[in-house]
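The block underneath contains the structure these notes are about, expressed in structure tokens.
Nothing in this text is a laboratory measurement; each read-out follows from the coordinates by a stated rule. Model, not experiment: these values are computed from the prediction. Glycine gets a Cβ as well: all are built from the backbone with ideal geometry, and neighbour counts include every protein chain shown.
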Amino acid sequence: MEDPDPMKLVMLTGAAGGVGRFLRPLLREHYRLLLVDRVPIGHLEEGERSVVCDVCERVALEPLMRSVDVVVHLAGVSVEDDWQPILEANITGCYNTYESARQAGVARFIFASSNHAVGFYPRARTIDTDVTVLPDSRYGVSKAFGEALGALYAHKYGMGVLCIRIGNVATAPIDVRRLAIWISPRDLAQLVRIGIDHPDLGYEIVYGMSDNKRAWWDNAGALRLGYRPQDRSEDYAADVLANAAPPTGAPGDRLQGGPFVSAESGGDPSKPPLS
């Protein structure tokens, strides 16, 4: 990975959300940040500026891209929902962001995908990034769409695209499922920085997880790009297992997507925005 260029301007869409809040302090050490959200961001640190903009409004989004080097696309509905809000935010908004970036000549695009694009695989199976997508929700379908759109923009237009199938971003895993899928904020920031700075990025899908002994995913592609996770879910396993509820026999207990495989809204009542 190349040394970060401190003059790069990185746009974070959905910057007011949970993942954005985790990433901001870790990225602003290395880049200038343009924080975009449909709600005001509030307090800004040195090297940050913010704009209120809904990615569903392409006319408002396009001018913001003109000086941007890299887009980190976090915006969208982050849990299961009815089709219309998913369509507007996660499908139309995602297309608007990719296309506005292309029109402005943005060279790099990091797409916050999700484990829910493959949530119907059983936990007993280890999967890599070459498997057929098996979305567990309308939300998961939207993430599979964003990955496919990224492939189009990479192969047809030459944009460098990294899709990160994020597991659960948190300071620590809080249940048995998250022992498999957890990623610490600093490990996620490392993956994002690989997307920003790797000299040979074409189109890649990687899993957003830390060094998890109980993982269901083969993350060889991320390791090939230079990813070296610093945190381990196993460090928290004893406490998590001591407080774990017994399995209920629900489909979510045996499938990777957990509660999303049967939820019609929300998807994870214990920690909805980040899993």
Have a look at ALA215, ALA244, ALA151 and tell me which one the Gaussian network model of the chain (Cα, springs below 10 Å) gives the largest fluctuation. ALA244
Determine the sum of side-chain charges near LEU44: Lys and Arg each +1, Asp and Glu each -1, restricted to other residues whose C-beta is under 12 angstrom from that of LEU44. +1
Using only the alpha carbons of region 153-264, what is the convex hull's orientation-averaged projected area in square nanometres? 8.3 nm²
Any idea how far apart LYS213 and ALA107 come out in nm if each label point goes 7 Å out from Cα toward Cβ? 4.2 nm
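Sorted from fewest to most neighbouring beta carbons within 10 Å, what does the list ARG125, ARG102, ARG165 look like? Can you show the working numbers first?
On the way: ARG125 9, ARG102 17, ARG165 26.
Result, fewest neighbours first: ARG125, ARG102, ARG165.
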Please give the calculated 222 nm ellipticity per residue for the chain, where each DSSP H segment of at least 4 residues contributes -39500 (n - 2.57) and the sum is spread over every residue; nearest 500 deg cm²/dmol? -8000 deg cm²/dmol
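With charges set only on the Cβ (+1 for Lys and Arg, -1 for Asp and Glu), what does the dipole of the chain come to about its Cα centre, in debye to the nearest 20? Please list the in-between numbers first.
On the way: 28 positive and 35 negative charges, 32 e Å.
In debye, rounded to 20, the chain gives about 160.
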Largest fluctuation, LEU33, LEU12, LEU64 only, Gaussian network model of the chain with Cα springs under 10 angstrom, belongs to LEU64
Just to be sure I understand: with springs between alpha-carbon atoms less than 10 Å apart, which residue in TRP216, TRP83, TRP182 has the highest mean-square fluctuation in the Gaussian network model of the chain? TRP83
Under a crude label model (7 Å from the Cα following the beta-carbon direction), how far is ALA250 from GLU45 in nanometres? 3.7 nm
For the chain, with the dipole built from +1 on Lys and Arg beta-carbon atoms and -1 on Asp and Glu ones, taken about the Cα centre, which of GLY14, ALA112, ALA89 lies farthest toward the positive end? ALA112
Among SER137, SER210, TYR31, whose Cα lies farthest out toward the positive end of the dipole of the chain, if unit charges sit on the beta carbon of Lys, Arg (+1) and Asp, Glu (-1)? SER210
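Only Cα pairs under 8 Å and at least 6 apart count here; give the relative contact order of the chain as a rounded whole percent.
Working: 603 pairs, mean separation 53.2, N = 275.
Here the relative contact order equals 19 percent.
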